[in-house]
1. Answer yes if at least one residue in the range 280-290 is at negative phi, of a type in the set (A, V, I, L, M), within 8 Å of the ligand (Cβ to nearest atom) and buried (at least 19 other Cβ atoms within 10 Å of the Cβ), and no otherwise.
2. What single numbered condition from (1) acidic (Asp, Glu); (2) within 21 Å of Asp258 (Cα to Cα); (3) at pLDDT below 80 fails to hold for Asp378?
3. Of everything in the range 335-373 that's within 13 Å of the ligand (Cβ to nearest atom) and charged (D, E, K, R), which residue is farthest from Phe414 (Cα to Cα)?
4. For the range 192-247, enumerate the residues that are β-branched (Val, Ile, Thr) and either outside any helix (DSSP H, G or I) or at pLDDT below 90 (or both).
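The values are calculated or read from the model by the stated rules, or taken from the named source; none is laboratory data. All values reported here derive from a predicted model rather than from experimental measurement. Here the Cβ positions follow ideal geometry from the backbone for every residue, glycine too, while neighbour counts run over all protein chains shown.
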Amino acid sequence: MSTYEDEKVIILIAEDSPTQAEELKFLLEENGYRVAAAPNGREALASARKEAPTLIISDVVMPEMDGFEFCREIKADKALQTIPVLLLTSLASPNDVIQGLESGADFFLRKPYDERHLLSRIDYVLSNRTLQAGARARGELEIVFAGQRHSIRSERQQILDLLISTYEEAVRINEELIEANKELEVQNREIERSSRFKDEFLSTMSHELRTPLNAVLGFSELLADSVYGPLSDRQRKYVEKIHNAGLHLLRLINDVLDLSRIEAGYLNIVLASVALDALVNDVLSLLKPLADKKGITLSASCPVGLVVHADPTRLQQILTNLVGNAIKFTPDGGQVDVAVHRQEESIRTEVRDTGPGIPAAEQKLIFESFYRAGQLRDREGTGLGLAIAKKLVEAHRGEFGLESEAGKGSCFYFSLPVEIPSQPAATMSANPIQ
Ligand code: ADP
């Protein structure tokens with residue numbers, strides 16, 4: 001389709017991106033057109049003046065002379081003004097259309113263009129150009145748009161073509177949107193299905209894994225207690241190993257399930273008034289045997305009668321995790337202090353230790369699931385405790401943080417709002433996994 005009425009068609013491309021120019025040139029040449037290319041409006045104008053093309057395809061944003069100005073120059077030049085100009089633009093705003101009209105452009109095509117659409121548009125322009133040239137009438141049209149006066153030099157046929165091509169683009173965009181919507185619906189259904197599958201999987205796993213594990217733990221304990229007869233030292237050592245490995249696995253299963261449940265939006269926060277001094281005392285009494293084993297001093301300071309609105313079980317879980325970590329990572333003979341302060345709008349709980357501290361580079365990483373700092377990996381743990389604690393604090397619309405320096409101990413803290421809005425950040429589960 002390179003000739004119209006036996007005449008050789010030349011298409012001039014003005015495009016500053018060498019790759020895009022090359023792609024377009026290839027497409028047009030492949031379809032039998034002769035092509036001239038220029039990297040900006042100024043050079044394209046010079047090229048058109050040297051050898052008038054049959055059609056111009058111009059980008060809008062170009063250095064030296066942009067597509068609008070280039071088009072204006074073409075339309076102001078008596079020798080070139082009948083050459084149809086097709087502008088490649090984003091058509092992002094009505095201003096693009098106005099500027100296109102003002103520059104006298106004949107057609108718009110949205111970038112990135114569809115190749116088949118571009119070729120059919122070129123075919124249309126070339127077939128109609130004699131008709132258009134004959135129908136042109138003189139005269140300018142003044143319009144004011146967005147507070148600016150524009151004088152439109154395009155003729156009726158041009159305006160019509162421009163509006164039709166704009167409308168066609170709008171229809172095409174709409175069709176693309178309808179397609180995209182359909183795809184989204186399919187994806188949504190798929191996500192819902194996977195989410196249901198994940199929920200079922202979690203609740204099955206939680207049951208199926210814990211039941212046999214409880215048997216492993218129970219029987220290894222009975223063996224270790226010599227209920228089934230005395231054990232040799234070696235047998236006792238191995239039975240203890242089985243028991244400890246079982247306990248580790250149970251912690252891991254519980255943590256993984258807890259985290260998945262939180263991430264799946266199944267966190268069930270039940271708010272109540274919690275007396276903080278009692279909670280701190282409970283947690284410290286629970287962990288005292290561990291601290292005593294390492295000769296670590298535990299201390300607490302909390303104003304009597306300070307109450308926070310939170311889920312008591314989850315709050316205990318957060319504090320137990322922080323104090324447990326502090327004891328675990330602090331060398332023998334160290335110190336762990338828990339301090340609770342009332343601030344203006346919140347209540348801040350700090351757990352400070354005299355342990356190894358956490359280098360700045362690792363401070364963000366330790367809140368990620370399964371991250372455990374290199375030199376501390378030999379301690380018992382799953383690497384999930386802080387990730388869970390942080391999410392629990394956030395579910396209470398609180399803030400979780402850490403102040404630490406390598407070699408100078410750590411201070412993990414969390415602040416909870418004094419009054420938590422009736423709807424906490426976590427969603428309430430209609431069907432919490434047991
Ligand atoms: P776990 O304790 O099971 O390893 P956590 O998520 O609770 O997992 O902690 C992640 C990592 O953060 C720990 O492995 C450790 O490297 C570091 N960490 C946590 N608390 C402390 C602390 N008080 N002092 C030094 N490092 C800590």
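1. There is no residue in the range 280-290 that is at negative phi, of a type in the set (A, V, I, L, M), within 8 Å of the ligand (Cβ to nearest atom) and buried (at least 19 other Cβ atoms within 10 Å of the Cβ).
2. (2)
3. Restricting to residues being within 13 Å of the ligand (Cβ to nearest atom) and charged (D, E, K, R), the top hit is Arg372.
4. Thr204, Thr211, Val227
For every residue, the table says whether it meets (1) in contact with a Pro (Cβ under 6 Å, 6 or more places away or on another chain); (2) touching a residue at least 24 places away in the same chain (Cβ under 8 Å); (3) under 19 Å from Leu416 (Cβ atoms).
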| site | (1), (2), (3) |
| --- | --- |
| Pro303 | no, yes, yes |
| Gln317 | no, yes, yes |
| Lys328 | no, yes, no |
| Lys390 | no, no, yes |
